[in-house]
Amino acid sequence: MNKLYIGNVSAEASEEDFETIFEQWKIPHSGPFLVKTGYAFVDCPDEKAAMKAIDVLSGKVELHGKLLEVEHSVPKRQRSCKMQIRNIPPHMQWEVLDGMLAQYGTVESCEQVNTDTETAVVNVRYGAKDQARLAMEKLNGSMMENYALKVSYIPDETAAAEGPSGGGRRGFNARGTPRSGSPGLGARPKMQSDIPLRMLVPTQFVGAIIGKEGATIRNITKQTHSKIDIHRKENAGAAEKPITIHSTPEGCSNACMTIMEIMQKEAIDTKFTEAIPLKILAHNNFVGRLIGKEGRNLKKIEQDTGTKITISALLDLTMYNPERTITISGTKEDCGTAQKEISKKLTESYESDMAAMNLQSNLIPGLNLNALGLFPSGAPGMGPSMSGVPPPGAHGGSAYGCSPYGGEGTFWASSLSASSQPFSGHPESETVHLFIPALAVGAIIGKQGQHIKQLSHFAGASIKIAPAEEKDSIHRVVIIIGTPEAQFKAQCRIFGKLKEENFFGPKEEVKLEAHIKVPSFAAGRVIGKGGKTVNELQNLTCAEVVVPRDQTPDENDQVIVKIIGHFFACQLAQRKIQEILAQVRRQQQPKPTSGAQPPQPRRK
């Protein structure tokens, strides 16, 4: 991708003219200039030199009265799905860019290109040629924050290989294997697909971090190859402001340390005498695994780095702010080492959860998992979960933006079929008995009952721990009463809490047993003829579904159905069984007599 096309070339231009221009701007080239009528070609030694030529010369340098146009030289057979977008505003939010690109088709990859320019450059690959062509037409020359975007094709090494096989007239053989660094060959390594580093900094230091006309923050961004958002306008009057850093783990750490250095220097200059600890924000869903059982993980980090680490209380969480503040005290170098270890743990938790989500989310079509607040909204394919504006006191610009126990959106409506809705139009309350390890009761209840109260409040469900049936019982029953949405939220957090508190191994899937009661006359419908329905349920949901034989119905003429499996399997099985019950209820509704007419009012 190092061959350049130079367009809008004057008829008077010569090879010597281009030699002079490239020498003047200190742009290396690895071969002679091939000058044609109206255009020219040249090879650069590497991609960095090619990018410099494009950035410095294209649309900026005149030759014999004509502004040169410089871009990658792309053979027609490689003008496929890949393009390069240049001159992107330096402080543009990645989410905005993602949304803009998605308007024109499926974005398979989007990679930032490191350049010496102030503006950003990305290489984008679309899923189809027509999508790339449409994006090219719409975006090239369009204005964003007073910056005119420049879009051009870049060689798509896989285009030839993807052509029709077996003698198709447009098929081409690839000229060698694609480079291993080709963005189209692997998973999308977007900067924002990794969990970002979130910091809290004293408000009085924000100006120094930004610098005059943004010079300091631009310098940090450039040196550390990171994208940094300072949320200074949100939460007016707050003593601290959040900063979000998107980059590689190394880039995040370097940017964090540079910001710490700036704050310490500013503290000396302004005679600020208080210590400035490093404060990191982390989603509550990951904090339990960071702390570890009996605090072992956190203690080890403290011992290894010589730092003191504290984490804000659960009581500080709100519906709009699911983040905990991790405060690291020590020397700057020790704080930096601790930050790396903490970020590593958080990233491991995030990747583990994302892997589980990607494996199971297809079980409940249409479900907006992000509305649960379990995963950062920067995760691939996941949009913002809340449209409301955070009230005063919430961390402005939160990377997560939703409740630790679930958003208030209508995410569950899309996954509920009409058959699970009662005739009044409002979701019916359901009762589920969830069996958890007896040793986990304290973790679910929390200190002075705070965790179970908070969980109940956010889920909108009644949640109680039933007394132990036997003294040495290894399981306890959590009784959850609420709508399908409340059930989903509450059970999801209970499964998550057990994982966070290490009641299951790091590679062990959390599987629990849930009991729901069904009318005894409907049990046969759940089982089906010859067990057909229950077998289909198990195949569909990946859960074990058991209707024990020879049950004696309770005082309400109900029997138990047992469901055993991981969270998504349990949920889908519960929903499918409720659909069956809804069908049974509808069939039992008295049908209006055919031909019956409502009474007509008398005419006067």
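The values are calculated or read from the model by the stated rules, or taken from the named source; none is laboratory data. Just so it is clear, the model here is predicted, and its values are computed rather than measured. All Cβ positions, even for glycine, are placed from backbone atoms using ideal geometry, and neighbour counts span all protein chains on display. For accessibility, only protein heavy atoms count, side chains too; no ligands or nucleic acids. Shrake-Rupley method; radii C 1.70, N 1.55, O 1.52, S 1.80 Å.
Observations
- Screening the candidates Leu346, Leu359 for the property of being at pLDDT below 95, open to solvent by 70 Å² or more (accessible area, probe 1.4 Å) and of a type in the set (A, V, I, L, M, F, W, C) yields one hit, Leu359.
- If you go through region 143-153 and keep only what is under 28 Å from the mean Cα position of the chain (by Cα) and in a loop (DSSP other than H, G, I, E, B), you end up with Glu145, Leu149.
- Taking region 1-108 as the region of interest, the helices (runs of 4 or more DSSP H) fully inside it that hold 1 or more residues being over 23 Å from Arg125 (Cα atoms) are 15-24, 47-57.
- Members of region 219-248 found to be assigned to a strand (DSSP E or B), without any contact (Cβ under 8 Å) to a residue 40 or more places away in the chain and either open to solvent by 30 Å² or more (accessible area, probe 1.4 Å) or in contact with an Asp or Glu (Cβ under 6 Å, 6 or more places away or on another chain) (or both), listed by number: Ile230
- Candidates Gly396, Gly442, filtered to the one that is modelled with pLDDT of 90 or more, farther than 16 Å from Cys570 by Cα and either part of a loop (DSSP other than H, G, I, E, B) or of a type outside the set (Phe, Trp, Tyr) (or both): Gly442
- The set of residues in region 22-79 that are of a type in the set (Lys, Arg) and open to solvent by less than 80 Å² (accessible area, probe 1.4 Å) comprises Lys52, Arg77.
- Residue list for region 136-154, restricted to those being free of Cβ contacts under 8 Å to residues at least 60 places away in the same chain and in contact with a Leu (Cβ under 6 Å, 6 or more places away or on another chain): Leu139, Ser142
- Some residue of region 500-508 being open to solvent by less than 50 Å² (accessible area, probe 1.4 Å) and at pLDDT 90 or above: no
- The residue list Ile452, Ile479, Ile474 contains one member that is modelled with pLDDT of 90 or more, open to solvent by 20 Å² or more (accessible area, probe 1.4 Å), touching a Lys or Arg at 6+ places or on another chain (Cβ under 6 Å) and of a type outside the set (Gly, Ala, Ser), which is Ile479.
- Among the residues of region 80-110, the one identified as farther than 22 Å from Asp130 by Cβ, buried (at least 19 other Cβ atoms within 10 Å of the Cβ) and modelled with pLDDT under 80 is Trp94.
- Residues in region 298-319 that are out of contact with any helix residue (DSSP H, G or I) (no Cβ under 6 Å at 6 or more places or on another chain) and over 18 Å from Leu200 (Cα atoms) were compared, and the one that is modelled with the lowest pLDDT is Met319.
- Condition met for Glu118 (modelled with pLDDT under 70 and either in contact with a Ser or Thr (Cβ under 7 Å, 6 or more places away or on another chain) or under 19 Å from Val96 (Cβ atoms) (or both)): no
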